[in-house]
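Structure, as structure tokens:
What follows draws every value from the coordinates through simple rules; no lab data is involved. Keep in mind it's a predicted model, so treat the numbers as computed, not measured. Counting neighbours? That spans all protein chains shown, and the Cβs are built from the backbone with ideal geometry, glycine included.
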Amino acid sequence: MSPALRLERVACLRGGRLLFEGVDVTLGPAEALVVTGPNGVGKSSLLRIAAGLLRASAGTVTREGKVALADDALALDEEQPLGRALGFWGRIDGGAPAAALAATGLEALAAVPVRWLSTGQRRRAGLARLHAAGAPIWLLDEPGNGLDADGLAMLAGLVAAHRAAGGLVLAATHLPLDWPNTGGLAL
Amino acid sequence: MSAFVAIVWREVQRGYVGGGALLPVAFFLLVATLFPFAIGPDAAVLARVGGGVIWAAALLAALLPVERLVAPDAESGVLDQLVVRGVSMVTVALAKTLGHWLAFTPPLLAAAVLAAGLLGLSAEQVLQVEISLLIGTPGLAALAVATGALVAGLRGAGAIAGLLMLPVAVPLLIFGAGSLTGGAGALQLLGAVSLLLVAGAPALAGAAIRAGRD
């Protein structure tokens, strides 16, 4: 089954305020879309709606294929070494944390407790968890935050490899992301 | 490995490795030692109230870990990641209940023997206390997870957790302590209450987690 993500006429109402309405997103294999917009416009909410964490106030969301989400919340146990913290998700997903650590340039940090990681390293660790999940649908919330030039190149490489393997990507960002053949949506 | 087993294993690890299981046990022993100071060293009186003291102390000790059962996972995004993977929050609550019980109960049972010694309980009474704790603690664990889910993210969560959990735990206390003097009927009722909590509390916890996400 080829992965797909479809949002049709989706609206989001948060705390009595209408953030957006009538948003359509259609993504198939190897496609990517970057959502841009100023702070507070509802980019993260759109991603959480796509992930099924938030109910859309109107419209429908269809996901075909497993979803992996990388957002602000790292979801790794702070006191555990990075390798073992990723191992928890590896046991659930059946993925390979070691390969994901290598792909994100963290192989030297597998034995370091998560709470000692720097901002950029934490961001990479989140991408490692995303990569290890082995899901065809990637949802990335501000993936470029905290990453250095090397990190941004690594991120672009991960996304390109994921798309080449037939995966799709929906990203939200306020920083310019220089990904080739990528659609844009301004909220 | 299924998500259920992974979550149970993680809870057990967190209980023992992080020292999370030892703190409630130390607290339990402390509460149990307070009573002889408060009511005097009369051996006959202590032996009579000892079982009830142990049960009350166990109840108070069960309150301590409530705040770290659900709130840290809600904050760090672990629960969100489980939702994205299609794991139901009721399953998560059940797994957490089982994991918490496995981490909390063995040290508590060991400490109860010590406390029984301090209070001068007979060998027969110690056995009765251990059996009643074994039957009652699953309900206590389920209640702790549900309370943790309800107060996750609230300010002053610890105090609110006590107000929520202790009244609901009273039946466990009544039948748990009652089984030490009242015979088999109380033990069966204790089992019924415990089973009811294990069956019902995870659904409540799941709903609370879902409500807290919006």
With equal scatterers on the alpha carbons only and no solvent term, can you work out the Debye log10 of I(q)/I(0) for the stretch A:33-88 at 0.26 1/Å? -1.11
The stretch A:121-170: radius of gyration and largest Cα-Cα distance (Dmax), Å: 10.2, 27
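Suppose R0 equals 35 Å; then what is the FRET efficiency for A:W116 and A:A153 from their Cβ-Cβ distance, rounded to the nearest 0.05?
0.90
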Quick check: from the Cα gyration tensor, does the stretch A:69-135 come out rounded (a/c under 1.5), prolate or oblate? rounded
Give the order of A:H162, A:H174 when sorted by the count of other beta carbons within 10 angstrom, beginning with the fewest. A:H174, A:H162
Could you tell me how many degrees, from 0 to 90 and to the nearest 10, lie between the Cα long axis of helix B:89-119 and the main elongation axis, the longest principal axis, of the Cα atoms of chain B? 20
Stokes-Einstein D for the stretch B:74-122 at 10 °C, 1.306 mPa s, Kirkwood Rh over Cα pairs, in µm²/s? 119
Using each residue's phi in the stretch B:148-160, evaluate 6.51 cos²θ - 1.76 cosθ + 1.60 at θ = phi - 60° and report the 3J(HN,Hα) Karplus result to the nearest Hz, with x for Gly and Pro. x, 5, 5, 9, 4, x, 7, 7, x, 4, x, 5, 5
Across the residues of A:64-74, average count of Cβ atoms on other protein chains within 10 Å? 3
Cα-Cα P(r), chain A, percent of pairs per 10 Å interval: 10, 37, 35, 16, 1
Per the helix-only model, chain B has a calculated mean residue ellipticity at 222 nm (DSSP H runs of ≥4, -39500 (n - 2.57) each, divided over all residues, rounded to the nearest 500) of -30000 deg cm²/dmol
What are the ³J(HN,Hα) couplings of the stretch A:82-89, residue after residue, when phi is run through the Karplus curve with 6.51, -1.76, 1.60 and θ = phi - 60°? Round to Hz, x for glycine and proline. 3, x, 6, 4, 5, x, 4, 6
Inter-centroid distance (Cα atoms) of the stretch B:33-58 relative to the stretch A:109-187, Å: 59
Limiting things to C-alpha atoms, what are the Rg and the maximum Cα-Cα separation (Dmax) for the protein assembly as shown, in angstroms? 25.1, 84
In whole Å, what are the Cα extents of the stretch B:1-83 along the three principal axes, biggest one first? 55, 24, 20
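Count the net charge of all other residues whose Cβ sits under 14 Å from the Cβ of B:V151, scoring Lys and Arg as +1 and Asp and Glu as -1.
Taking every other residue near B:V151 into account, the sum is -1.
What does the structure give for A:87-96 when I average, per residue, the other chain Cβ atoms found within 10 Å of the residue Cβ?
Working: counts 2, 7, 6, 2, 8, 11, 5, 1, 0, 0.
Neighbouring Cβ atoms belonging to other protein chains average 4 per residue here.
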Per principal axis, descending, Cα span of the stretch B:3-213 in whole Å: 58, 31, 28
Dimensionless Rg over Rh [the stretch B:118-206; C-alpha; Kirkwood]: 1.06
Compute the separation of the alpha-carbon centres of the stretch A:4-82 and the stretch B:80-145 and state it in Å as a whole number. 39
For the stretch B:157-214, rounded, prolate or oblate, judged on the Cα gyration tensor with a ≥ b ≥ c (square roots of eigenvalues), a/c < 1.5 rounded, else prolate if a/b > b/c? oblate
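For peptide B:71-82, compute the average count of partner chain beta-carbon atoms within 10 Å of each residue's beta-carbon.
The shielding value for this peptide is 5.
Once every DSSP H run of n ≥ 4 in chain A is given -39500 (n - 2.57) and the sum is divided by its residues, what mean residue ellipticity at 222 nm do you get, rounded to the nearest 500 deg cm²/dmol?
Values: 5 runs with 59 residues, N = 187.
Value at 222 nm, helices only: -9500 deg cm²/dmol.
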